[in-house]
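Here's the structure we're looking at; comments come further down.
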Amino acid sequence: MAAFRTTKHILIHALEHGYAVGAFNITNLESIQAAIMAAKTEQAPIILQTSEKAIGYAGLGQMVAMAREETKRTKVPVALHLDHGSGFAAAKACIGAGYSSVMIDASSLPFPDNVALTRRVSAYAHTKGISTEAELGRLVGVEDKVKVSERDAFMADPAKCREFVRRTRCDALAPAIGNVHGLYYGTPKLDFDRLREIRQKVTVPLVLHGASDLPASDIRKCVRDGIQKINIDTDIRIAFTEAVHSFFRRFPRVSHTRGSYDMRTILNLGREAMTATIRKKMRMFGASGKAKSATK
C-alpha cells in the first residue's frame, strides 16, 4: 500500500526552502497519471487533490485506489488532499478512505462559525495524523459547488488570519488576496502587500487558490512573498480539452484510420498535454528538483 505524505510534511519543507508545491486537481485516471508522470520527470513533490464533485464523478474508493496505485511507481513525495471540503462529514469520509490531507472551506460562514467548524475538523484530523487546510476571505468565481459573486467577495484580514490559525490549529491557510477561481476577466490584481503582512503574522504554510490563468510574474511574486501551496485546476482542464479538440479537428468523423476511433489514442493526447502543463507549473513554482530533499 502506497503511503501518502501529509501536506504538512511537504509544505513545511517548501516554507523552509523558499518554493511552492503544486496542488493539481484530479478527476480520472488520465489526470492522475499526468500528475505523477510530471512529478517523476521534474523530481518535484506533488499534491493530488480532488473536489467533492470529482469524488462524486469517479467514486471515493476508486479515486483513492487509482492515486495509490500510480503513487507506487514513484519515490517523490505525494499527498492526497480534499479540496474545498464542504463540511465535517466530507472531511471524515476522505480521511477514512485514505486521504492524507483535507481542506474544510467554511469561508462563506461568519468568522466565529468558520473558526468552530475548522477547529472541529482539525481536531478530528489530527487524531488520525492528517493535515488540514482552511480558507479565510472569499474568492470570486466558481469552484465546483462553490460560487461567489464579486459583490460578496472579500479579502482576508491579516490580524484575523493570525487569530484564525491560533484558534483552529489548521496546518495551512488559504487567504483571499484578490485571486479568483477559474479564468480571470481583465488584469489580475493581487494584493501583495496584504500577502506579505499575512506571512509576517502567520507561521503555517500559505495557499494560493485560483492560480490558473495568473501570469508567471504574479506566481513568482506570490512564492517570493510567502506562498507554499499553489492550486491548479482550470489550466489542466484547458490543456486536456484543447488537445482533444485538436484531434477532432483532424478527424471530425470516424474514418478507416484506426486512431480516429481509438479512445486510448484520444485520451493519451489529453494526458500528454496535461503532463506538459503540470511540468511547466512545477518549474514556475520552483519545485523541480526538490523531491529528494523533501523526502527526508
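Tell me whether region 9-115 comes out rounded, prolate or oblate; compute the Cα gyration tensor, take square roots of the eigenvalues as a ≥ b ≥ c, and use a/c under 1.5 as the rounded threshold. It is oblate, given that a/c is not under 1.5 and a/b is not larger than b/c. Ranked by the mean number of other Cβ atoms within 10 Å of their residues, highest first, the peptides 279-286, 51-58, 227-234 fall in the order 227-234, 279-286, 51-58. The angle between the Cα long axis of helix 158-168 and the main principal axis of the chain comes to about 90°, on a 0 to 90 degree scale. Stretching the chain fully between GLU272 and ASP193 yields a gain of 24.7 nm (0.36 nm per residue, less the alpha carbon separation). Between THR41 and ARG253, the distance separating the two model label sites (each 7 Å from Cα on the Cα→Cβ line) works out to 3.6 nm.
Under the criterion of Cα pairs below 8 Å and six or more residues apart, the relative contact order for the chain equals 23 percent. Rounded to the nearest 10 degrees, the angle from helix 60-71 to the longest Cα principal axis of the chain is 80 degrees.
Listed cross-link partners LYS229/LYS280; LYS92/LYS281; LYS189/LYS280; LYS8/LYS280; LYS53/LYS160 are compared with a 21 Å cut-off, the Cα-Cα value being larger for LYS92/LYS281; LYS189/LYS280; LYS8/LYS280; LYS53/LYS160.
The numbers here are math on the coordinates, done by the rules we state, and not lab data. This structure is a prediction, so every number in the text was calculated from the model and none was measured. Cβ sites come from the backbone with ideal geometry, for glycine too, and all protein chains shown count toward neighbours.
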